[in-house]
Each structure stands twice: as structure tokens, then as C-alpha cells.
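Below: the structure, in C-alpha cells.
The values are calculated or read from the model by the stated rules, or taken from the named source; none is laboratory data. No experiment lies behind these values; they were computed from the predicted model shown. Positions of Cβ are backbone-derived with ideal geometry, glycine not excepted, and every protein chain shown enters the neighbour counts. Just the protein is used for accessible areas: all its heavy atoms, side chains included, with ligands, DNA and RNA removed. Shrake-Rupley method; radii C 1.70, N 1.55, O 1.52, S 1.80 Å.
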Amino acid sequence: MKERSKLYSIGLIIIFILTLAACNKNIPADSNENHEPVKSEDSEEQFKDSIKLQFENENFTFHSFDKDKECIEDMAKVLDESFDTITGNLGVTLKEKTKIIIYPNIKSFHNNIGTQNAGDWLVGTAWRNEIYIVSPLNPGTEHTYDTLMKAAVHEFVHVVQYNIYQYNYPYRWMNDGLATYLADQVPSSTVMKTMIDGGQIPTLSDMNKNFLEIEGYAFSYTVVEYLVKEYGYETIVEMIKSYKNIETILGKSLDEFEKDWINYLKENWGSK
């Protein structure tokens, strides 16, 4: 009798496990935190598809759903055209290919990187030798096909920077400024003139604390532009390698450097 009860219990456990497996076998790669299927017209297609290797070349591997592979040729071209300039200017030789993971839409991207409450402006991020980015075929409300391509270059700069300084770099005006500058994400001259003429120039410290609220990408672009013209990339690389010695590397205090940059900003980006 006891043996029969034992076998009955084991049978119930097996049925329970099989039921769980059946319920979870069709979770799509871009499901949300609750693992609920995406309720859209192409849900059936997403169940059958998955993010997988679609293409690779000498420098990159590209992974996406089948429906997004149409943009990969263009992205590969843009990244390859920037590759030598970025790695050469920063003096970095990459030891492995950079992996590009393309998500089919902004919601999928945000869910997978854990930023569900972020705005549509956030379309890319990078970590070590991997780039995670939204498909240029479905860029959302704040980007276009072309700006997504530049975002890919921006994230690649972060990958290269990681090979110079493998920790959390403390100066965002350098970290994102360099990525914005090398990706040719040129700020709006109209916006810049309005803010400069209106006395809305952030300090370097402001950019570290309130980057998004004060047009940090635009102003940090001009910091790096000034550095490139006045000091060159070798100095920039040294500033990244040894941020604690920045004042020694520049030959002046950060306050003095900030004043020089603001003068440059007013002369080159403000009203003349």
C-alpha cells in the first residue's frame, strides 16, 4: 500500500514537471520580465524565430532575428568604415571580434537590458566587447535609420575605450563625449547657440551629475572637440589611462581647463 502511494506521488511530480515544460517551451527571445508572449501581429513569427548569428566579417559578428538582418549590411559597412579611425586614434588593437546584438524594437531592447522605464532615446549600450542595439528598421519615436547607425558607432567607441580603461571611468564628459565625437553625432548648432547665448553652459562637474538634463551629449562633444584640436588624441588616451593625473597631463588645473574650453565654446559655437 505504501509502495503504491509512493509511485502515485512520483507520477504526480512527473506530470507537474512536464506541464511546466510545456508552458515555457515557446517563450520568445524578446519576452518581457513576466515571460508573457508579445501580443502583436508578428508574435507567431517571433515564436518561431530567435536572435542568432546572421553575418560576420573580420571585425564584427552580427546577431538578430531573421526579419532584421536586412539592416546588417549597412551597419557592417558603417562600422567597418569607422574601425581603423577609432582604433587608430585611440591606439587600441582589439584581440577579438565585437559582438553586435540587434533587438527588433525598443521595448524588447529595454526589457533585455533591464531599463523598462527608459525613454525611446535609449537605443544602444555596450559592455566589454558586446554591443546591444535596437534595429534601425524599427527605431522608435526619437531616432531614425541613420541615427541608429551612428549609435552603433558610438557604442563601438565605448568598446574600444574599455580596452584602455576597464573600470567605471569617472568623467562622463570624456566617456560619452569621445563616443559622441568619434561617431560624428554633431550637436544642433541652433540648440547650442541658444543655450550658450542664454548662459546655460554646464560645468564639467554638472556633466558628471546631470548629464541628460543639461544636453550632456552635445556639450561633451565640444569638450572632446576642443581636446582634439588643442592637445591631440595621445593626450586624450593618457587622460583615460590615468584620470587621477589629468591636471599633470594637461599642465593646468581642471578649473583652468574648463575656462579655456568655455572660451572655445563661445567663440566656435555661440553667436559671433
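What region 233-272 shows is 61 Å² of accessible area per residue, with the surface traced by a 1.4 Å probe over protein heavy atoms. Between Lys97 and Asn129, residue separation times 0.36 nm minus the direct Cα-Cα distance comes to 10.8 nm.
Across the accessible surface of region 124-272, with the other protein chains kept in place and a 1.4 Å probe, carbon and sulfur atoms take up 44 percent.
Pairs spanning more than 25 Å between alpha-carbon atoms, out of Lys107/Lys209; Lys95/Lys252; Lys209/Lys244: Lys107/Lys209; Lys95/Lys252. For region 126-221, the solvent-accessible area works out to 46 Å² per residue, with a probe of 1.4 Å and every protein chain left in place. Taken per residue, the accessible surface of region 59-120 reaches 47 Å², heavy atoms only and a 1.4 Å probe.
Extents of region 129-272, largest first, come to 46, 37, 25 Å (Cα atoms, principal axes, whole angstrom). Highest-first packing order for the peptide set 119-132, 195-208 is 119-132, 195-208, based on the mean count of other beta carbon atoms within 10 Å.
Under the simplified labelling scheme, the Phe55-Glu234 pair shows an inter-label distance of 3.8 nm, with each label point 7 Å from Cα along Cα→Cβ.
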